[in-house]
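The values are calculated or read from the model by the stated rules, or taken from the named source; none is laboratory data. Small disclaimer: the values here were computed from a predicted structure and weren't measured. Using ideal geometry, Cβ is built from the backbone for each residue, glycine included, and neighbour counts are taken over all protein chains shown. Ligands, DNA and RNA are stripped out before the accessible areas are found, and what is left, the full protein with its side chains, is counted by its heavy atoms. Shrake-Rupley method; radii C 1.70, N 1.55, O 1.52, S 1.80 Å.
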Amino acid sequence: MYVAVKGGEKAIRNAHALFDEKRRGDVSVPEITTEQIKQQLSFSVDRVMSEGSLYDFDLSALAIKQARGDLIEAIFLVRASRTTLARFGSSKPFDTSHMRVERRISATYKDIPGGQILGATFDYQHRLLDFSLEEQKLQDETSVETRDDVGLDADMPRVLDILNNEGLVEQASLEMNEDTPPSDLTRSPLEFPADRSLRLQNLARADEGFLLALGYSTQRGYARNHGFAGEIRIGSVAVEFAPEELGFPIEIGEMIVSECEMINQFKGSKSAPPQFTRGYGLAFGQVERKVMSMALVDRALRADELGEEKTAPAQDEEFVLSHSDNVKATGFVEHLKLPHYVDFQAELELVRKMRAKQRVMKEAAE
Amino acid sequence: MDDLTSKANLDGGFDDVSTESAGIFRAVLDAISHPGTMQNQSVSLAPPAPLLPTCAAVILTLVDNDTPLWIAPELMGDNVSQYLKFHTGAVLVEKAADAAFAVFSASHIPDLSQFQLGTAEYPDRSATMIIQIDGHGEAAPVSLAGPGIKYKQEFSVPGLDEAFWRKVRNNNSQFPLGLDFVFCLQQGIAACPRSSAVMIEETV
Amino acid sequence: MSAGLTMNGYNFAYLNEQTKRMIRRALLKAVAIPGYQVPFASREMPMPYGWGTGGVQVTASILKPDDVLKVTDQGADDTTNAVSIRDFFKKTADIATTEITQDATIIQTRHRIPEQELGANQILVFQVPIPEPMRFLEPRETETRKMHALEEYGLMHVKLYEDISRNGQIATTYAYPVSVEERYVMDPSPIPKFDNPKMNNMAALQLFGAGREMRIYALPPYTRVKSLDFEDYPFEVQKWDEPCAICGTTDSYLDEVILDNSGNRMFCCSDTAYCQSKQGPVKGAEQ
C-alpha cells in the first residue's frame with residue numbers, strides 16, 4: 001500500500017546528520033575555529049552582526065561556522081537567538097562626532113579638518129587574485145602606520161556640519177527627543193506610514209543586496225537624487241545607558257559602527273527651498289557598502305516629506321520596508337519547498353472541471 | 001524604584017512565572033472565548049490587600065512595561081503600587097486615556113467613557129478593563145449572546161448592577177470599537193468582550 | 001530542573017515571557033474582535049518565516065505544561081514540517097504529543113482542518129502565510145486597512161464576479177474568503193474551500209498566526225462564518241466521484257497520489273489520523 005511521505009522523522013534526522021558531516025568537510029583538513037572566522041573573515045562577521053541586529057562578534061562567528069558560510073542563514077541564526085533574550089532598555093543616542101575614527105573620507109571636499117583617513121580599504125586595490133595568499137605565511141610584526149602613529153584628532157567635526165554653516169544643507173530632520181524613545185520594529189509591528197526612525201531601523205537591518213540594488217536604481221534615474229558621499233566614517237563610539245535606578249547615564253562599552261551621510265541635490269519643491277538634502281546610513285561593524293546604499297534609500301524614502309512626486313520603487317515606503325528583510329524573504333521564498341499538495345489538488349480539480357466545461361461548450365457550438 | 005523598600009511587596013509573585021502565567025492566561029483566554037462563563041482558577045499569589053489574588057494574577061500575566069496601567073484610587077495603596085511596579089515594571093498612569101489596562105473594583109466603577117476604544121483602522125488599540133469583584137452588592141442578571149456563545153449565556157456577578165450592564169450594552173453597540181471586560185472573582189475569572197450583546201433581564 | 005526551564009535550558013516554550021505577554025495581549029484582542037487582524041511584533045523563530053512561525057508563536061504563547069499537542073501539515077501528522085514543529089515543542093516545552101485528533105488539546109495545522117469534529121476543550125491554531133484576504137487585489141496595507149475600517153468589500157466581490165464571468169464559476173479553490181459575523185472579511189488561511197464550512201459555528205476556538213506578516217486573528221467558538229458567494233452562484237465545496245482508496249470513507253478531502261510512470265493514480269484521505277481511525281484501532285498518545 002502506498003502512503004505519502006511517511007517516515008518524516010527519520011528522514012529529517014538523517015538529513016541533519018549529513019549536514020553536520022558536510023560542514024566538517026575533509027577531516028584531514030584542520031577544523032576552522034570561530035576565532036579564525038572572527039579575525040580573518042571580519043567582513044562576514046560584520047554583515048551578520050548588522051543584519052542579525054545583534055552586536056556580538058562571537059555569536060556571529062559561530063553562526064557563520066554553523067551555517068557553513070551562508071551569511072543569510074547565519075543572520076537567521078543570530079536573529080532567532082535574539083528572540084530568547086530579554087531586553088533591558090535603550091541606550092542614549094550615540095554621538096558619532098566623538099568617534100574613534102578608523103576610516104573617514106569625504107568626496108565633497110579635497111581636504112577636510114581632521115584629514116581624509118583611508119584606513120583599511122578595498123578602494124584603489126587592483127582586484128587581482130593574490131596567489132601568495134594560498135600559502136600560509138608566518139606573519140611577523142607589521143610595519144604599517146597605525147592610527148596612533150599618525151596622531152589623529154580625538155574629535156572630528158562632521159563634514160555636513162561644516163557645510164551647514166552656510167545654510168546650504170537642510171537641518172537634520174530627525175528630531176530625536178530623549179523623552180520619546182525611537183520607534184522599534186522588534187517591539188511593535190511595522191505600520192504605515194512609518195516615521196523616519198522606524199525606516200532607518202528597518203534599513204539598518206535590511207539585506208545589503210536589496211539596499212544596494214535600490215540605491216543603484218536611484219542613480220540610474222528611478223528617483224534620481226544625485227548623491228554625494230558627504231562623509232563616510234568608520235570607528236568606535238561609546239555607548240551610554242541610563243539605568244532607571246541611577247538616573248544618570250554610564251558608559252557601558254564601545255561599538256564599531258559605519259556611518260554615511262549623503263548630500264543630495266534638490267531643486268526645491270512647493271514645501272522646501274532649493275538646498276542640499278540629506279540621506280543617512282548607520283549600521284554595526286565595517287559595512288561601508290551597506291550604509292552608503294542605506295543613505296541613498298533613506299533619502300529616496302523622504303519623498304513625501306520633501307514634496308517630491310513618487311515614481312520609483314526606492315521611494316515607495318510600503319514596498320521597500322516590507323521586502324527589505326532577508327530573513328523574512330528567504331523564509332517565504334524557500335517555503336515553496338514545503339508540501340502544497342492539498343491546495344494543488346484543489347487547483348487540479350478546478351482546471352479539470354473548467355477544461356471539461358469548455359469542451360462541452362465547444363462541442364455544443366459545433 | 002526608590003520607594004521599593006518594603007520587602008513584603010517584592011515577594012508574593014509567581015513561583016514559576018512561565019508555567020503559572022501560562023495557566024492564568026489560558027483561563028483568561030477561555031473566559032473571553034466563552035463570555036459569561038466562570039473559569040475556575042487557583043492562584044498561588046499573595047498580593048497586598050485589597051488586591052485579590054486572581055486579580056493580581058491577571059495583571060502579572062498581561063501587563064508589563066509596554067502597557068500603561070491605570071489603577072483606581074481605592075485599590076491603590078502604597079503597597080499595591082509598589083507590588084505592581086516591582087512585578088510588572090508597568091508605568092502607572094493617572095490619565096485614564098493613556099491606559100492599556102485599567103483595574104478597578106465593582107463597587108467603584110469609574111467613568112468608562114474616558115478609556116480608549118480603539119480606532120476604526122485599529123480597533124485593537126483599546127483599553128482592557130480588569131474588574132475586581134469583592135462579592136458584595138446587587139447582582140443584576142443578564143444574558144449574553146454573540147461570538148463564543150452557542151445560544152445565550154446567563155450571567156450575573158455580585159456588585160455589577162443594571163447601570164453597569166447598560167454601559168456594557170452601550171459598549172457593544174460601538175463594535176468593533178470598544179472595551180473588553182475581565183472579571184476577577186475569588187474563585188476564578190470571567191469575561192465579557194466587546195462582541196457580546198447584553199440583554200438585561202427583567203428583575204422582579 | 002529549575003523553574004520554567006526545560007531540560008534544554010530554554011524558557012518554557014522557547015519565547016521569553018515579555019514576548020509571550022505581547023502575543024497573549026494580541027490574542028485576547030483577536031478573540032474580542034472576531035476576524036480582525038491584530039498587528040503584533042512577531043519575533044524571529046528558529047524555523048524560517050513562511051514555515052509556520054506565526055502558528056508556532058501562537059502555540060508557544062498558549063501552551064500549558066499539561067497540554068497535548070497535535071501538529072499536521074496537509075492534514076498529515078508525518079509530513080516533514082509537522083514533524084519538525086512537533087519536535088520543537090517536545091524539546092522546548094517538554095509536552096505530550098499525539099496524532100489522535102480527539103486526544104489533542106491544541107492542534108496546530110497548515111492547510112487543513114481535521115475531518116473529525118472538534119470540541120469545546122480544543123484549540124485549533126492555523127499557520128497563515130498572507131493574512132490579508134484582499135492582498136492580491138490591493139498590495140498596499142494602508143489601503144486594505146481602510147477598506148476593513150469602512151467595511152468596504154466591493155473589491156472582493158468584483159474579483160469573485162469576474163471569476164464567474166470569465167470561467168462560469170468562482171475560480172478560487174483554497175484560501176477562499178469568508179465573512180465573519182457579517183463584519184470582517186477574513187482569509188481562512190490556504191485551506192481548501194472544502195474545509196470552509198467547518199469553521200462556521202465550530203465549538204473549538206480557532207486562532208490564526210501570520211508571523212512574517214505580523215498578524216494574529218481569531219474565531220471564537222460558535223462564530224458565524226460564511227464563505228462569500230452570490231445568490232445565483234452559491235458557494236459549493238469539492239466533491240469526489242470515488243471513496244478513499246485506503247479506508248473507503250466518502251466524506252473526507254482526498255489527495256491524488258500518482259502510482260506509476262504511466263500516470264495511474266488513486267485517491268486517499270489527506271487527513272491521515274482520520275483515515276487511520278476509519279481503518280480500525282489507532283496508536284495511543286506518545287510522551
In Å and whole numbers, how far do the C-alpha atoms of the range B:34-113 stretch along each principal axis, longest first?
32, 29, 24
Ignoring ligands, DNA and RNA, what percent of the 1.4 Å accessible area of chain A is carbon and sulfur?
55 percent
Residue among C:Val71, B:Thr54, C:Ser270 farthest towards the positive dipole end of the protein assembly as shown, charges placed on Cβ:
C:Ser270
Size descriptor, Kirkwood hydrodynamic radius, that averages inverse alpha-carbon separations across the protein assembly as shown, Å
30.1 Å
Just the accessible area per residue of chain A, please: how many Å² with a 1.4 Å probe?
59 Å²
Scan around A:Arg103 for amide H atoms under 5 Å from its own, H built in the peptide plane at 1.01 Å from N, and keep only partners 5 or more places away or cross-chain.
A:Ile234
Scan the range A:234-281 for GluC sites (Glu not before Pro) in coil per DSSP, keeping those whose Cβ has at most 15 other Cβ atoms within 10 Å, and list them by number.
A:Glu244, A:Glu245
Where the Cα pairs of the range C:95-157 fall when distances are cut into 10 Å bins, in %:
18, 33, 21, 23, 5
Let me know the shape class of the range C:166-287, please: from the alpha-carbon gyration tensor, a ≥ b ≥ c as square roots of the eigenvalues, rounded when a/c is under 1.5, otherwise prolate if a/b is greater than b/c, or oblate.
oblate
Partnerless cysteines, meaning none of the other Cys C-beta atoms lie under 4.7 Å away, in chain B:
B:Cys192
Taking every residue in B:126-132, how many Cβ atoms of other protein chains lie within 10 Å of its Cβ, on average?
1
Output wanted: per-residue J couplings in Hz (rounded whole) for the range A:21-31, from phi through Karplus 6.51 cos²θ - 1.76 cosθ + 1.60, θ = phi - 60°, x for Gly and Pro.
5, 5, 4, 5, x, 5, 6, 7, 8, x, 6
Starting from the Cα coordinates of the range A:9-82, work out the convex hull volume and express it per residue in Å³.
82 Å³
Would you please report the Å³ per residue occupied by the convex hull of the alpha carbon atoms in chain B?
115 Å³
So for the protein assembly as shown: antiparallel DSSP bridges make up what percent, rounded to the nearest 5?
65 percent
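Could you work out the helix-only [θ] at 222 nm for chain A, with each DSSP H run of four or more residues adding -39,500 (n - 2.57) and the total divided by the number of residues, to the nearest 500 deg cm²/dmol?
-12000 deg cm²/dmol
Semi-axes of the equivalent ellipsoid of chain C: what are they in whole Å, largest first, if each equals the square root of 5 times a C-alpha gyration tensor eigenvalue? Can you show the working numbers first?
Numbers: eigenvalues 181, 144, 50 Å².
Equivalent ellipsoid of chain C: 30, 27, 16 Å, largest first.
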Rg to Rh for chain A: what is it, with Cα atoms only and Rh by Kirkwood?
1.06
Selection of trypsin sites (Lys or Arg not before Pro), the range B:88-169, meeting DSSP coil and at most 12 other Cβ within 10 Å
B:Lys95, B:Lys150
Report, by chain and number, residues whose modeled amide H sits under 5 Å from the one on C:Arg215, excluding near sequence neighbours (fewer than 5 apart, same chain).
C:Phe40, C:Ala210
Estimated buried accessible area (total), pair B and C, 1.4 Å, Å² to nearest 100:
3300 Å²
Kirkwood-type radius of the range A:214-315, with distances r between different C-alpha atoms, in Å:
15.0 Å
Karplus (6.51, -1.76, 1.60) ³J(HN,Hα), θ = phi - 60°, over the range C:252-260, in Hz, Gly and Pro reported as x:
10, 6, 10, 8, 9, 10, 7, 9, 8
In the range C:198-287, the chymotrypsin sites (Phe, Trp or Tyr not before Pro) that fall in loop regions by DSSP, at most 13 other Cβ within 10 Å
C:Phe230
Distant-in-sequence amide H partners of C:Cys269 (H built 1.01 Å from N, under 5 Å):
C:Ala245, C:Ile246, C:Cys247, C:Asp255
Leaving out ligands, DNA and RNA, what percent of the accessible area of chain B is carbon and sulfur, probe 1.4 Å?
50 percent
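Translational diffusion coefficient, Stokes-Einstein: compute it for the range C:233-281 using the Kirkwood radius over C-alpha pairs as Rh, at 4 °C and 1.567 mPa s, and state it as an integer in µm² s⁻¹. List each step's numbers first, then the result.
Numbers: Rh = 11.8 Å.
It comes out at roughly 110 µm²/s.
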Which whole-number percent is the relative contact order of chain A (Cα, under 8 Å, 6+ apart)?
16 percent
Cα centre as origin, Lys/Arg/Asp/Glu Cβ charges: the protein assembly as shown dipole, Debye:
1880 debye
